[in-house]
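In what follows, a single structure is set out as structure tokens and then discussed.
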Amino acid sequence: MIKALLGLNLTVLTFAISYAALQDDARPEAGLYTAAQSQRGNVIYAKRCAACHGQDLAGGDPIPALASPDFLAKYSGRSLSVLFDRIGNTMPADAPGSLTPAETVEIVAFILKANQYPAGATCLPSDAPALEKLVLPKISAH
């Protein structure tokens, strides 16, 4: 009986460790976007966003910075769909809503990289329902 209980405990412990590892891989800290995605986003950003927000994403009065403590304060802890919708519906200022969902999500990936969120192995999705489930983790300002 004791041997059976030890075996059961070992099985439960193994399952719990495996489950925790899977959960860690699904957490945003494991990477919300791929490096390739942020590189493509950098190219799009340079063509469509940098004229107003600056190549360094620093913005300038009255244009908001996209890589800053203020950005982190505004978007950390919120669904990524908020940022995706904001960019997709209102940017660029001279042609709001002209970015495709794929372009928008790649710009989001570039902005995440600029704010020191790590890249991962999975592309950031470009559909709102999937983005709604992803919450931008709170990180300290750089």
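Can you name every residue in the range 106-142 that is polar (S, T, N, Q) and either farther than 14 Å from S76 by Cα or in the same structural domain as L66 (by TED's automatic domain parsing) (or both)?
So the first thing to find is which residues in the range 106-142 are polar (S, T, N, Q), and the list is 115-116, 122, 126, 140.
Within the range 106-142, N115, Q116, T122, S126 meet the criteria.
What's the number of the only condition in (1) under 23 Å from K138 (Cβ atoms); (2) free of Cβ contacts under 8 Å to residues at least 12 places away in the same chain that Q55 fails to meet?
Of everything listed in (1) under 23 Å from K138 (Cβ atoms); (2) free of Cβ contacts under 8 Å to residues at least 12 places away in the same chain, Q55 misses just condition (1).
Is it the case that Y33 is surrounded by 19 or more Cβ atoms within 10 Å (Cβ to Cβ), outside any helix (DSSP H, G or I) and either at pLDDT 95 or above or assigned by TED's automatic domain parsing to the domain that holds N115 (or both)?
yes
The values are calculated or read from the model by the stated rules, or taken from the named source; none is laboratory data. All figures in this text were calculated on a predicted structure; none of them were measured in a lab. For neighbour counting, all protein chains shown are included, and Cβ atoms are generated from backbone atoms with ideal geometry for every residue, glycine included.
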